[in-house]
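The values are calculated or read from the model by the stated rules, or taken from the named source; none is laboratory data. Remember, predicted model here, so these are calculated numbers, not experimental data. Note that we place each Cβ from the backbone using ideal geometry, even for glycine, and neighbour counts take in every protein chain shown. What goes into the accessible areas is simple: the full protein's heavy atoms, side chains included, and nothing from ligands, DNA or RNA. Shrake-Rupley method; radii C 1.70, N 1.55, O 1.52, S 1.80 Å.
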Amino acid sequence: MKNIHKYFIFGLLTPLLWMGCQEEVFKQIDQSYVHNVSMPIVLTSFAPMEGSEAAEISIDGDNFSTDISKIQVLVNGVEVPILGANKKRIIVKIPQGTGTGKIRIKIGNQEIESKDSFIYALKRTVSTYALSGNGATFNFFVNAGMDIDSKGNLYVADVFNNCIRKISASGEISTYAGISGQEGNVNGSTQVALFNHPTDIAFDADDNMYVADTWNWAIRKVSTAGEVSTVKAWVVPFPQGITFNRSNGSLYIVSALPAASQGKMFELKGDGQFVERSVDVPIVSGGICLDKNNQLIIADNGKSVIYRINPTTWTKEIIAGSENQKGWQDGVGEQARFNHPWGVAVDKDNNIYVAGSGHLFDNPDIATNASNIRMIEAGTNKVSTIAGGGTMGFFDGLGGEAKFAVPTDLVVDASGVIYVLDKGNLRIRKIITE
């Protein structure tokens, strides 16, 4: 208790020391104040209003108590530890998993609740999952994609090595299909098959892999038996983004060459029927995925917005960003700004994740403030930056401290772990939430 008390007093005095001659915002009134049961509890404010695990929250008001055993503080209904208290201030510490909610103070038979909610920000940690050279050397000269199978194995389109890489749980890289460094258009076993700059992959419900074999203008299939075949060829100009609807068996495809595809999207149905799909405004697509309602989520790389497209009516709506207004700005819906986004993925709660910059070749003017990972909250379309920031580079660490160099794709596994294809750093990064 003595240590807590000393810590608390220091915390109260510190703001006064650095403020110098400025107005005092807090003054210890009485070291032995007893809550007055005949007077109400007053809760005027708390700060900070947002934080993650271990954040210390200062709650200001009146008629509290210096005896913390008499006080109970709950955040989002979760009781939180009290570091110290006096007549006008209580300091608490936020435990892991508290969640977002209002602050409630209980003293004796009285209680009061804050008007505003404390926003609980999840703690995210970025680390390197697979490093180029650990079993194979990546060559991501242009944007590339990846996907994860039902067993949790990660696969990457190693675009300029003309092959598909598999990454084990320990981060070891191996060649899964194709011959590294050799381009071509050959079917057969995974050991003899050849690809020509594959840029994206997607799995069906049975773990068969589909590959956007871009320079062959083909959609290839790698069966679970390890056989490579051509599903469709010479119908989609430079296919580069694909996603699979495991409910109806449809494969959705976007082209890397809007001038040739005329902004259309393409659907390869489960029965083999191939259909061109038009939306009301042509999309210069980066990444593509399906949300939990089987709606298409597309990063429009040209207009710097994120769309949702209904695959029945083929109408679209803007989820976040404003057309042709690029930048890096968090906010709700169209208030947010993206800088030529590329990869998109959805978690089990239907939150959307967006990987930073996406022009085909390195462009520092674009990548500088776009080498980050954003989240679009399900239901509210609130956009926040969860990892990386306004500078490009490499650093493993907590969310905003981490640095990326032109991340071009990402995928979320069943447990919520996010894997990021960090193109400029030739790494696969991992983001763990709490």
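ALA225 meets each of the listed conditions (1) at pLDDT below 95; (2) not in a strand (DSSP E or B) apart from (1).
Scanning the stretch 278-293 for residues that are at pLDDT below 90 and either open to solvent by less than 10 Å² (accessible area, probe 1.4 Å) or in a strand (DSSP E or B) (or both) returns SER285, GLY286, GLY287. Residues that are small (Gly, Ala, Ser), surrounded by 14 or more Cβ atoms within 10 Å (Cβ to Cβ) and not in a strand (DSSP E or B) occur in the stretch 62-83; there is at least one. Here VAL344 qualifies as touching a Cys at 6+ places or on another chain (Cβ under 8 Å) and modelled with pLDDT of 90 or more.
Residues that are in contact with a helix residue (DSSP H, G or I) (Cβ under 9 Å, 6 or more places away or on another chain), open to solvent by less than 40 Å² (accessible area, probe 1.4 Å) and closer than 16 Å to LEU296 by Cβ within the stretch 237-277 comprise PRO239, GLN240, VAL254, SER255, listed in sequence order.
Against the condition at pLDDT below 95, under 30 Å from ASP200 (Cα atoms) and open to solvent by 20 Å² or more (accessible area, probe 1.4 Å), how does ASN143 come out, does it pass? Against the criterion (at pLDDT below 95, under 30 Å from ASP200 (Cα atoms) and open to solvent by 20 Å² or more (accessible area, probe 1.4 Å)), ASN143 does not qualify. Filtering the stretch 213-221 for residues that are without any contact (Cβ under 8 Å) to a residue 40 or more places away in the chain, assigned by the TED database to the domain that holds LEU410, over 15 Å from GLY145 (Cβ atoms) and within 25 Å of the chain's Cα centre (by Cα) leaves an empty set. Quick check on the stretch 414-434: of everything there that is of a type in the set (A, V, I, L, M) and surrounded by fewer than 24 Cβ atoms within 10 Å (Cβ to Cβ), which residue is nearest to the chain's Cα centre (by Cα)? Out of the qualifying residues, it is ILE418.
Is it the case, given these coordinates, that ILE297 is under 20 Å from LYS326 (Cβ atoms), assigned by the TED database to the domain that holds ALA233 and not hydroxyl-bearing (Ser, Thr, Tyr)? Yes: the conditions hold for ILE297. The set of residues in the stretch 85-99 being in contact with a strand residue (DSSP E or B) (Cβ under 6 Å, 6 or more places away or on another chain) and open to solvent by 70 Å² or more (accessible area, probe 1.4 Å) consists of LYS88, LYS93. Among the residues of the stretch 102-119, at least one is within 23 Å of the chain's Cα centre (by Cα) and either crowded, with 19+ Cβ neighbours inside 10 Å or among the aliphatic types (A, V, I, L, M) (or both). Applying the criterion of being touching a strand residue (DSSP E or B) at 6+ places or on another chain (Cβ under 7 Å) and farther than 15 Å from VAL354 by Cα to the residues of the stretch 323-333, the residue that is most open to solvent (accessible area, probe 1.4 Å) is GLN325. Considering every residue within the stretch 352-369, establish whether at least one is at pLDDT 90 or above and either in a loop (DSSP other than H, G, I, E, B) or surrounded by fewer than 17 Cβ atoms within 10 Å (Cβ to Cβ) (or both). Looking for residues that are at pLDDT 90 or above and either in a loop (DSSP other than H, G, I, E, B) or surrounded by fewer than 17 Cβ atoms within 10 Å (Cβ to Cβ) (or both), one finds none in the stretch 352-369, hence no. Of the strands (runs of 3 or more DSSP E) lying entirely inside the stretch 103-188, those containing at least 1 residues that are touching a residue at least 12 places away in the same chain (Cβ under 8 Å) and among the polar types (S, T, N, Q) span 110-120, 124-131, 173-177. Taken together, VAL411, VAL383 contain a single residue that is open to solvent by 10 Å² or more (accessible area, probe 1.4 Å), touching an Asp or Glu at 6+ places or on another chain (Cβ under 9 Å), at pLDDT 90 or above and in a strand (DSSP E or B), which is VAL411.
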